[in-house]
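The values are calculated or read from the model by the stated rules, or taken from the named source; none is laboratory data. Since the structure is predicted, the reported quantities are computational estimates derived from the model, not experimental observations. Counting neighbours? That spans all protein chains shown, and the Cβs are built from the backbone with ideal geometry, glycine included. In case anyone asks, the SASA skips ligands and DNA or RNA and just uses the protein heavy atoms, side chains included. Shrake-Rupley method; radii C 1.70, N 1.55, O 1.52, S 1.80 Å.
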Amino acid sequence: MEQPRRWHDVFWLGIFLIHLVGLGLVLGVLGLNRFKQKNRLDIDKYTYRFMENEAGLTEDYWPLYAVAGGVGTALGWSWLLLLGSRATQMMKVSVHILTTYLAVISVLCFWAEQFFWGVAFAIGAALQFLYVISVIDRLPFTMLVLQKSAKMIWNLPEVRRVACAFMLVVLLWMALWSFGAAGVVASSIGDGGRWWLLVVLSVSLFWTGAVFCNTVHVIVSATVVRVTIHGGREAASIPGNPLMKSLQYALTTSFGSICYGSLFTAAIRTLRWEIRGIRSKIGNNECLLCCVDFLFHLVETLVRFFNKYAYVQIAVYGKSFNRSARDAWELFQSTGVEAIVAYDCSGAVLLMGTIFGGLITGTCSGVWAWIKWTDRAFMIGSTSMLMGMVLVGIAMVVVESAVTSIYICYAEDPSLIQRWDTEFFDHMSETLRQRLQHRSSRAREVLTLNHLESRMGEHSSI
């Protein structure tokens, strides 16, 4: 019998809801002020000092955001439909083509004399290339984990339907968000003022999108763990309609924890992947290694309190976010599974797919905007890219939920994974053994080096 769950992180739930209502009103005002009539609400009297451009109308730019929403939704649904047959191929394409796509966009930005965006995309292409090179030896194991996770999700069509439903909910919010964003783009405020307003709106959309994605994460994780524990969705011992129970908890008692974790988790995870990739390729540069090690240990400390595995603990046990993150990390540390979790790059690969989907969405809207309004194309393209990333991310998080659930189940009771897929269990166990041996050998090398340095110091002093 499941115990009644307590509400957690209610403060962050309140902050998110207040932010949602307040921003919704602001978006409505910004869009209506330029809808079918310039300065309908007479807001320009407060911004006349910043007027530098000719004002447009909201409906001039709103269709471009509609294209972004349509393309992002089509990409997300295509991913879910092809999950069973082409998931591995799509992930490989995302990994290998993203660098090229970023480089091409960078060249086009320089050609259009948009030097800031050209440099930004060039740096993104360089970082992507360096990261892939640094983890190239991990990709075979990563692809195996993703393949097995996709297979698990394909056998649970109800969770894919949940992801599709959440995409539609996000689209409804994006209709309002893009209405306000189109009003900002159409305003007569100078480029600097419009960019700042769009940055604020983009941060809000990022948090809202992360909350929706992580809500799906919690729902899918709870369903996957229950099915794994009971030995299949057809098992007689499985509780009735586990998906609806998971949905109920995710939208009530656990929603505050989801809002709280969504603020920080994504940024910390991305920073951790980059630092790990750089750290593995530094070599013997002691000065640079010292600086990177400092950042690495700082991020590792943050990971104890903000990690994606917390959502599985929230889904299964109904804990608060920080306690869930800490318990998940301590579970990995105590069982040694953290070695294989650190070796796996599935989260980074799925993020590459999300960014690639966002780039395609931003390109479609940006090219159309460039044909009609050259000076506002990058405003529309960059915000459309974020819309595409949110929509594609909801599809990607379904597989990521299965990955995190597999690792939590393996750490708590390896026999659950063995019963589900014996061959995959053997491969995970062998990889874990190799990673633990690798860490032991690295530790012995460090101890030996420190011992030799101390001996040399003693001889030099003599």
Scope segment 148-159; condition touching a residue at least 24 places away in the same chain (Cβ under 8 Å), assigned to a helix (DSSP H, G or I) and either more than 28 Å from Gly70 (Cα to Cα) or over 18 Å from the mean Cα position of the chain (by Cα) (or both); matching residues = Lys148, Lys151, Met152, Ile153, Trp154, Glu158, Val159
ask   = So which pairs qualify, if the first residue must be in segment 125-147 and of a type in the set (Ser, Thr, Tyr), the second must be modelled with pLDDT under 85 and surrounded by fewer than 15 Cβ atoms within 10 Å (Cβ to Cβ), the Cβ gap must be under 8 Å, and the two must be at least 6 apart or on different chains?
value = Ser134/Ser280; Ser134/Lys281
message = Any residue in segment 425-438 that is at negative phi sitting within a Cβ distance under 7 Å of a residue that is among the polar types (S, T, N, Q)? List the pairs, counting only those 6 or more apart or interchain.
response = Phe425/Gln418
Boolean, Phe141 is in contact with a Gly (Cβ under 7 Å, 6 or more places away or on another chain), open to solvent by less than 70 Å² (accessible area, probe 1.4 Å) and either at pLDDT 90 or above or outside any helix (DSSP H, G or I) (or both) = no
Filter result for Thr208 (farther than 30 Å from Asp60 by Cα, of a type in the set (Ser, Thr, Tyr) and either in contact (Cβ under 8 Å) with a residue 12 or more places away in the chain or open to solvent by less than 10 Å² (accessible area, probe 1.4 Å) (or both)) = no
ask   = Among the numbered criteria (1) under 21 Å from Gln333 (Cα atoms); (2) touching a Phe, Trp or Tyr at 6+ places or on another chain (Cβ under 9 Å); (3) not hydroxyl-bearing (Ser, Thr, Tyr), which single criterion is violated by Met396?
value = (1)
request  = Please indicate, with yes or no, whether at least one residue in segment 419-439 is outside any helix (DSSP H, G or I), out of contact with any Pro (no Cβ under 6 Å at 6 or more places or on another chain), within 16 Å of Gly336 (Cα to Cα) and open to solvent by 10 Å² or more (accessible area, probe 1.4 Å).
outcome  = no
task = Could you tell me which of the residues Glu412, Glu400 is modelled with pLDDT of 75 or more, buried (at least 18 other Cβ atoms within 10 Å of the Cβ) and within 29 Å of Ala222 (Cα to Cα)?
result = Glu400
request  = Output yes when any residue across segment 359-381 is under 17 Å from Asn214 (Cα atoms) and open to solvent by 20 Å² or more (accessible area, probe 1.4 Å), and no when none is.
outcome  = no
request  = Name the single residue, out of those in segment 39-57 being touching a helix residue (DSSP H, G or I) at 6+ places or on another chain (Cβ under 8 Å) and part of a loop (DSSP other than H, G, I, E, B), that is modelled with the highest pLDDT.
outcome  = Leu57
request  = With the checklist (1) touching a Phe, Trp or Tyr at 6+ places or on another chain (Cβ under 9 Å); (2) modelled with pLDDT under 90; (3) not polar (S, T, N, Q) in hand, flag the one item Trp195 doesn't pass.
outcome  = (1)
key: Members of segment 71-127 found to be within 21 Å of Met167 (Cβ to Cβ) and open to solvent by less than 40 Å² (accessible area, probe 1.4 Å), listed by number   = Val71, Gly72, Thr73, Gly76, Trp79, Leu80, Leu83, Ala87, Met91, Ser94
ask   = Which residue out of Leu263, Leu271 is at pLDDT below 65 and either assigned to a helix (DSSP H, G or I) or of a type in the set (Val, Ile, Thr) (or both)?
value = Leu271
